[in-house]
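**Student:** Handing you a structure now.
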Amino acid sequence: MKLIFATNNANKVKEFKSLVGDHLEIITLHEAGIDIDIPEPHDTLEANAREKSETIHKMTGTDCFAEDTGLEIDALNGAPGVLSARYAGEQKLASDNIVKVLQELNGVINRQAQFRTVISLILNDKEYQFEGVCRGTITTAVTGEKGFGYDPIFVPEGATKSFAEMDLGEKNKYSHRAKAFHQFAAFLNTIKA
Ligand code: IMP
């Protein structure tokens, strides 16, 4: 099965490609010859994921999927959430976003948080959604240089180091994206069967 992955984020493509087996071929927007910045205008991850998959489906008429991810911090009532990419401004810089989160949690004892990923799949003109959640804690300082986004300040539950200190294979054991992907892959297997 071939599916277009409606994202321009090379890190997300890398993570998904590290999870897929032979049964699924992921075509990137670049490989599909599509060069657009897909809007994320809604106030939920679910609606933004759908916006992205529907945008590409309308353009191509091809089965495709998209995902939207947010970091939801308990002490900030779920912020930055759907605003995670542009939390510190429209420049969408991970380093600025991290500084803002660490400042807002300065002196805060409850550092519990979660990453949540919603995948929107459009298959045969129908939409399906899959969710993956990874609980963890926000560190007090940046640690590690791997990964992307908020990885240097997030330690998943059950681990003693941040996502940014993990190889991709290790991050996949815990991550929201891997959990959402496994549900998505299980669903695709039922379709094939
Ligand atoms: P979006 O899903 O592209 O809107 O991403 C939301 C924000 O969360 C961006 O700032 C990403 O860098 C960040 N983000 C998404 N996935 C991850 C992840 O797995 N680790 C750390 N940050 C992430």
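**Student:** Under the rule of -39500 (n - 2.57) per DSSP H run of 4 or more residues, summed and divided by the residues of the chain, what mean residue ellipticity at 222 nm is obtained, to the nearest 500 deg cm²/dmol? Before the final figure, lay out the partial values.
**Tutor:** On the way: 5 runs with 61 residues, N = 193.
Using -39500 (n - 2.57) per qualifying helix, the result is -10000 deg cm²/dmol.
**Student:** Calculate how steeply helix 94-104 sits against the longest principal axis of the alpha-carbon atoms of the chain, using the helix alpha-carbon long axis, and give the answer as 0 to 90 degrees to the nearest 10.
**Tutor:** 40 degrees
**Student:** Pulled fully out, how much extra length does the chain show between Ala186 and Glu170, if you take 0.36 nm times their separation in residues and subtract their Cα-Cα distance? Write down the numbers at each step before the final one.
**Tutor:** Values: separation 16, 0.36 × 16 = 5.76 nm, distance 2.09 nm.
Stretched out fully, the Ala186 to Glu170 stretch lengthens by 3.7 nm.
**Student:** What accessible surface, in Å², does a 1.4 Å probe find on Ile73, ignoring ligands, DNA and RNA and rounding to the nearest 10?
**Tutor:** Counting only protein heavy atoms, the figure is 0 Å².
**Student:** Roughly how many Å² is the accessible area per residue of the chain, as a whole number, for a 1.4 Å probe? Let's see the in-between values first.
**Tutor:** Working: 9400 Å² over 193 residues.
Solvent-accessible surface per residue comes out at 49 Å².
**Student:** Dividing the convex hull volume of the alpha carbon atoms of the chain by its residue count, what do you get in Å³ per residue? The partial results should precede the final answer.
**Tutor:** On the way: hull volume 21.9 nm³, N = 193.
Roughly 113 Å³ of hull volume per residue.
**Student:** Just to confirm the number: angle between the C-alpha axis of helix 176-192 and the first principal axis of the chain, 0 to 90 degrees, nearest 10?
**Tutor:** For helix 176-192, the angle is close to 20 degrees.
**Student:** Using θ = phi - 60° and the Karplus form 6.51 cos²θ - 1.76 cosθ + 1.60, what ³J(HN,Hα) does each residue of the stretch 159-171 get, whole Hz, x for Gly and Pro?
**Tutor:** Here the 3J(HN,Hα) series is 10, 10, 9, 6, 4, 6, 9, 10, 5, 4, x, 6, 4 Hz.
**Student:** Identify all lysines with a Cα-Cα distance to Lys17 below 22 Å; exclude those on the same chain that are fewer than 8 residues away in sequence.
**Tutor:** Lys2, Lys52, Lys146, Lys171, Lys173, Lys179, Lys192
**Student:** A further question follows. Roughly to the nearest percent, how much of the accessible area of the chain is carbon and sulfur, given a 1.4 Å probe? Write out the running numbers ahead of the final one.
**Tutor:** Working: 4620 of 9400 Å².
Answer for the chain: carbon and sulfur cover 49 percent of the accessible area.
**Student:** What spacing in nm lies between the two simple spin-label points modelled at Glu46 and Arg135, each 7 Å away from Cα in the Cβ direction?
**Tutor:** 2.2 nm
**Student:** Can you pull the accessible area of Glu25 for me, 1.4 Å probe, Å² to the nearest 10?
**Tutor:** 90 Å²
**Student:** So how do His42, His57 rank on accessible area, 1.4 Å probe, biggest first, that is with the largest at the start?
**Tutor:** Largest to smallest exposure gives the sequence His42, His57.
The values are calculated or read from the model by the stated rules, or taken from the named source; none is laboratory data. Remember, it's a predicted structure, so these values are computed and weren't measured experimentally. Cβ atoms come from the backbone with ideal geometry, glycine included; neighbour counts cover every protein chain shown. The area values use the complete protein model at the heavy-atom level, side chains included, leaving out ligands, DNA and RNA. Shrake-Rupley method; radii C 1.70, N 1.55, O 1.52, S 1.80 Å.
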